Amino acid sequence: MSSATTSVTATTTSLSTGVQYGFYFDQGRCFSCRTCSIVCRDWHNIPAGPVKLLRVFRWEKGTFPNPDLQVLATMCYHCANPVCIPAANGAMMKEPKYGAVLIDPAQANSPSLRDAFDACPYGAISFDSDSSTANAYKCNMCIDRLEQGLMPVCVMSCPSRALDFGPIADLQSKYGTTLAQLEDMPDPSITHPSAVFKPAPQKIQLVPYDVPTALSLLAARGSLPPVMQDTSNVTNTSGVATNTLIMKAANVAQAMATTKDDMG
Ligand code: SF4
Ligand code: SF4
Ligand code: SF4
């Protein structure tokens with residue numbers, strides 16, 4: 001296996017079987033370092049490019065003086081109602097041991113996997129090109145590691161422990177939440193993702209700002225022209241910032257653009 005092996009196999013665990021496993025994501029702990037996505041790529045020997053089993057999104061909300069950077073590290077959520085499977089027409093299945101939703105490797109270039117992508121609200125299936133017979137890939141829950149009593153490599157790699165993995169009921173009990181989506185994520189009521197989320201805490205403004213005065217001071221550069229002519233340049237960033245979470249890319253170009261910091 002990959003060079004990631006030595007750094008991520010230190011912890012083994014006794015895994016129950018026959019229950020639905022899933023992921024926990026603590027948005028307040030994630031600082032979008034992308035260690036998880038890089039290690040996932042390394043472990044699964046996926047070259048740089050559009051195939052991403054785990055994506056880290058960042059999108060902005062609010063404007064000066066209350067900007068708020070949202071982050072989401074997302075994989076397949078191995079849903080309780082995996083709407084991708086009937087759409088995949090036999091090219092995907094849910095295995096019974098951990099509840100992982102998997103692509104049949106022999107049918108990875110089936111055009112039906114485009115229908116599976118369309119059905120999935122999370123864009124969890126990725127393709128290596130825009131061809132109708134492109135190979136499809138997705139998170140497989142690191143089932144090879146589970147079979148060795150190891151945790152998924154993304155979870156083990158996270159330096160801030162923003163990720164966890166286990167039976168979904170255990171995660172809900174451990175973290176005291178059954179929240180199945182973060183703000184801006186798709187409605188979970190149909191697919192029932194095997195995931196538990198903890199949203200980032202509300203930002204607190206410690207120093208009150210007089211916004212017009214603060215901006216006029218920031219704009220001044222002595223004898224140089226001011227940084228901005230109009231404060232709306234700063235307080236209205238529509239069209240400038242990435243202010244939308246786009247989980248379902250229309251094509252490879254958009255998939256790359258929306259995850260452009262993910263090392264290829
Ligand atoms: S490794 Fe952890 S902190 Fe870094 S992007 Fe992934 S989830 Fe976030
Ligand atoms: S996240 Fe998408 S691909 Fe994964 S099981 Fe759910 S519907 Fe299927
Ligand atoms: S569980 Fe494994 S395959 Fe899925 S995102 Fe994490 S590292 Fe990648």
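The values are calculated or read from the model by the stated rules, or taken from the named source; none is laboratory data. Remember, predicted model here, so these are calculated numbers, not experimental data. Virtual Cβ from ideal backbone geometry, glycine too; neighbours counted across all protein chains shown.
Here is the figure for the stretch 94-109: residues that are closer than 21 Å to K248 by Cα and touching a helix residue (DSSP H, G or I) at 6+ places or on another chain (Cβ under 9 Å) total 4.
If you go through the stretch 33-52 and pick out every residue that is among the basic types (K, R) and either touching a His at 6+ places or on another chain (Cβ under 8 Å) or assigned to a helix (DSSP H, G or I) (or both), you end up with 1. For the stretch 129-173, filtered to residues that are free of Cβ contacts under 8 Å to residues at least 12 places away in the same chain and over 19 Å from I46 (Cα atoms), the residue that is farthest from ligand 2 (Cβ to nearest atom) is S173. All conditions in (1) away from ligand 2 (no atom under 11 Å from the Cβ); (2) in contact with a His (Cβ under 7 Å, 6 or more places away or on another chain) hold for G22, with the sole exception of (1). Within the stretch 67-92, the set of residues being within 16 Å of ligand 3 (Cβ to nearest atom) and of a type outside the set (S, T, N, Q) comprises V71, L72, A73, M75, C76, Y77, H78, C79, P82, C84, M92.
If you go through the stretch 211-253 and keep only what is under 30 Å from D187 (Cβ atoms) and small (G, A, S), you end up with S238, G239, A241, A249, A250, A253.
Selection of the stretch 193-224 for residues being within 25 Å of C30 (Cβ to Cβ) and surrounded by 10 or more Cβ atoms within 10 Å (Cβ to Cβ) yields P193, S194, A195, V196, F197, K198, P199, A200, K203. Counting the residues of the stretch 68-83 that are more than 16 Å from ligand 1 (Cβ to nearest atom) and out of contact with any strand residue (DSSP E or B) (no Cβ under 6 Å at 6 or more places or on another chain) gives 4. Kindly indicate whether any position in the stretch 245-259 is modelled with pLDDT under 90, loosely packed, with under 12 Cβ neighbours inside 10 Å, of a type outside the set (S, T, Y) and assigned to a loop (DSSP other than H, G, I, E, B). There is no residue in the stretch 245-259 that is modelled with pLDDT under 90, loosely packed, with under 12 Cβ neighbours inside 10 Å, of a type outside the set (S, T, Y) and assigned to a loop (DSSP other than H, G, I, E, B).
Listed here are the residues, each with its yes/no results for (1) touching a residue at least 60 places away in the same chain (Cβ under 8 Å); (2) in a loop (DSSP other than H, G, I, E, B); (3) over 15 Å from I168 (Cβ atoms).
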| position | (1), (2), (3) |
| --- | --- |
| S16 | yes, yes, no |
| F31 | yes, yes, yes |
| W59 | yes, no, yes |
| Y77 | yes, yes, no |
| Y98 | yes, yes, no |
| L102 | no, no, yes |
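Tell me, yes or no, whether the stretch 203-222 has at least one residue that is in a loop (DSSP other than H, G, I, E, B) and either touching a Gly at 6+ places or on another chain (Cβ under 8 Å) or closer than 24 Å to P82 by Cβ (or both). No - not one qualifying residue is present in the stretch 203-222. Residues of the stretch 72-121 that are crowded, with 22+ Cβ neighbours inside 10 Å and either in contact with a Ser or Thr (Cβ under 6 Å, 6 or more places away or on another chain) or farther than 19 Å from P152 by Cα (or both): Y77, H78, C79, P82, C84, A88, A91, M92, L113, A116, C120. Going residue by residue through the stretch 225-234, is there one that turns out to be surrounded by 14 or more Cβ atoms within 10 Å (Cβ to Cβ), of a type in the set (A, V, I, L, M) and modelled with pLDDT of 90 or more? No: zero hits.
Condition check for M156 on (1) over 21 Å from V252 (Cβ atoms); (2) away from ligand 3 (no atom under 14 Å from the Cβ): one failure, at (2). When G176 is tested against (1) surrounded by 15 or more Cβ atoms within 10 Å (Cβ to Cβ); (2) without any contact (Cβ under 8 Å) to a residue 60 or more places away in the chain, only condition (1) is not met.
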